[in-house]
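Visitor: Let me begin by handing over the structure; questions about it come next.
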Amino acid sequence: MAGRNFLFVPGPTNVPDRILRAMSVASEDHRSPEFPTLTRACLEGLKPVFKTVSGHPLLFPSSGTGCWEAALTNCLDPGAKVLIARFGQFSHLWADMARRLGFEVELIETPWGEGAPVERHLACLSADKQHHIKAVLVCQNETATGVSSDVSAIRKALDAAKHPALLFVDAVSALASIDFRMDEWQVDVCVSGSQKGLMLPAGLGITCVSQKALAAAKSAKSRRCYFDYGDMVTTNASGYFPYTPSIPMLYGLRESLKMLAEEGLQNVLNRHTYLAGGVRAAVLDGWKLKLCATEPKWYSDTVSAVMVTEGTNGADIISRAFKRYNLALGAGLARMSGRLFRIGHLGDCNELMLMGALAGCEMAMVDCGMKIAPGSGITAAADYWRRNAPKQAASAK
Ligand code: PLP
């Protein structure tokens, strides 16, 4: 099909040309004396993105899922108990992985469309007088339902219960797009990946580990080898990796970090909030549809999961959008299959790119028989962006 594919799944996200160019490099020796410069630029450059001074960013040749596994197997003893609220496919998968790896999983079942319930965490942690729970796992942004959770409130619940459990946070679809604070929230392991807010292809598992987690990893007896934090920290100290890294991905990451620093992390986060506001205006005010996120406090600034009306299959809209308009939208996963479609609004994105996506959604919905007033979504989004324009853009004549 002529023209660009409009990629609006919530990851992988669009890779800026600048990053693609930076990744276009000849192979080189990953044990050369110059290589540590690249390693250090990546690891040091990640620290402000994680908002950490004392944490250790680590890069694994994996996706986010590998970092989930690394967090569990490095920091916990076999059979250790973890606490996790399940409210979407990704929190489900992390819980399921923990169970399959032999850990004991205490689940806080939560309706899909809500986020991590702070009071219920507090109750579970307060009831655990013997401190059997060794880690609390939180999915900061549940990509399947477009729901964000308040990680700082979970930290406060741990503190209020005087509970020593480690805090693991999945920020796969939050890092560099929704505020994340490793040090302030005393997160022990943050799990992320390259293909979302960092605007890279998938292929780097990007994680950050606190001193407390590194200390736990020294004594934890779960088996791991390829994902061993100790091996990684030791080799990174001299600027190398324990095995062959993906060199183009490292060049891409260095460029991505430069771009984030040039825009300013706070501006990047503000841009995500602002763009998400326009998308929500299209969904709620324009199309008069519902989001899967049931209350504004759960709204995600990186992905909106749009509920389709009774009698429509969300999969038909996604298929129509793709085949007819060259627009890729995210599918409803697991129990949300057919009930929604997802618009990713993270990474390298602006109003007009989103206008294309919103227009494509409208056309696909109308084609599939949904009663959407053509133009209602893009009008509502434009209105929102006009009213909330960042100062510099607002003053432009
Ligand atoms: N966690 C969340 C919140 C995700 O959105 C995803 C993927 O989309 C994952 C974990 C799994 O990450 P990956 O696909 O990079 O392994």
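Where a number appears in this text, it was derived from the coordinates with a stated rule and is not lab data. The structure displayed is predicted, hence computed values, not measured ones. Backbone-built Cβ (ideal geometry, glycine too); neighbour counts: all protein chains shown.
Visitor: Can you tell me how much longer the chain between S152 and D228 gets when fully stretched, taken as 0.36 nm per residue apart minus their C-alpha distance, in nm with one decimal?
Guide: Computed gain between S152 and D228 is 24.6 nm.
Visitor: Looking at Q130, M307, A217, which one has the Cα that reaches farthest to the positive end of the dipole of the chain (charges on Cβ: Lys, Arg +1; Asp, Glu -1)?
Guide: M307
Visitor: At each listed q (0.09, 0.13, 0.14 Å⁻¹), what is the log10 of I(q)/I(0) that the Debye formula gives for the stretch 260-385 modelled as equal alpha-carbon point scatterers?
Guide: -0.23, -0.48, -0.56
Visitor: Of P16, P57, P33, which is the most mobile in a GNM of the chain whose springs link Cα atoms less than 10 angstrom apart?
Guide: P33
Visitor: How about the stretch 1-101: which trypsin sites (Lys or Arg not before Pro) there are in a DSSP loop, with at most 11 other Cβ atoms within 10 Å of their Cβ?
Guide: Taking the stretch 1-101 and a limit of 11 other Cβ atoms within 10 Å, the loop trypsin sites (Lys or Arg not before Pro) found are R4, R31.
Visitor: So for each of 248-254, 142-148 I average, over its residues, the number of other beta carbons within 10 Å; can you give me the resulting order with the highest mean first?
Guide: 142-148, 248-254
Visitor: Right, something else. Relative to the Cα centre, what is the charge dipole magnitude of the chain, using +1 at the beta carbon of each Lys and Arg, -1 at the beta carbon of each Asp and Glu, and rounding to the nearest 20 debye?
Guide: 240
Visitor: For the chain, state the average projected area of the convex hull of the C-alpha atoms over all orientations, rounded to one decimal in nm².
Guide: 20.1
Visitor: Using a cut-off of 26 Å between alpha-carbon atoms, which lysines can reach K258, once sequence neighbours fewer than 8 places away in the same chain are excluded?
Guide: Answer for K258, where 26 Å is the Cα cut-off: K47, K51, K196, K391, listed by chain and number.
Visitor: Please give the peptides 372-378, 128-134, 275-281 ranked by average Cβ packing (other Cβ atoms within 10 Å per residue), highest first, as a rough proxy for protection.
Guide: 275-281, 372-378, 128-134
Visitor: Quickly rank 219-225, 359-365 as a protection proxy: mean count of other C-beta atoms within 10 Å, highest first.
Guide: Final packing ranking: 359-365, 219-225.
Visitor: Need one number: convex hull volume per residue for the stretch 107-192, Cα atoms only, in Å³.
Guide: So the per-residue Cα hull volume is 85 Å³.
Visitor: Something else about it: Report the Cα-based extents of the stretch 231-282 along its three principal axes, largest first, to the nearest Å.
Guide: Principal axes ranked by extent give 48, 21, 20 Å for the Cα atoms.
Visitor: Which ordering of Y229, Y243 is given by a fewest-first count of other beta-carbon atoms within 10 Å?
Guide: Y243, Y229
Visitor: When the Karplus curve 6.51 cos²θ - 1.76 cosθ + 1.60 is applied with θ = phi - 60°, which whole-Hz ³J(HN,Hα) does each residue of the stretch 186-196 get, with x for Gly and Pro?
Guide: 6, 7, 8, 9, 10, 10, 8, x, 7, 9, 10
Visitor: Can you give me the convex hull volume of the Cα atoms of the stretch 1-158, divided per residue and expressed in Å³?
Guide: Roughly 182 Å³ of hull volume per residue.
Visitor: Kindly work out what percent of the DSSP beta bridges joining two residues of the stretch 162-320 are antiparallel, to the nearest 5.
Guide: 65
Visitor: Please state, to two decimals, what the Cα-based radius of gyration of the stretch 124-262 comes to when divided by 2.2 N^0.38 Å (N = residues).
Guide: Scaled against compact globular proteins, the figure is 1.15.
Visitor: Taking square-rooted eigenvalues a ≥ b ≥ c of the alpha carbon gyration tensor, is the stretch 157-239 rounded, prolate or oblate, where a/c under 1.5 means rounded and, failing that, a/b exceeding b/c means prolate?
Guide: oblate
Visitor: Could I ask something else about it? So which residue, out of V268, V303, V366, gets the largest mean-square fluctuation from a GNM of the chain using Cα contacts under 10 Å as springs?
Guide: Of the options given, V366 has the highest mean-square fluctuation.
Visitor: Using the reciprocal of the averaged 1/r over all distinct C-alpha pairs, how large is the Kirkwood radius of the stretch 178-332 in Å?
Guide: Evaluated over the stretch 178-332, this radius sits at 19.2 Å.
Visitor: Show me, for the stretch 373-379, the HN-Hα J-couplings you get by feeding each phi into the Karplus relation (A = 6.51, B = -1.76, C = 1.60, θ = phi - 60°), rounded to Hz, glycine and proline as x.
Guide: 6, x, x, 5, x, 5, 5
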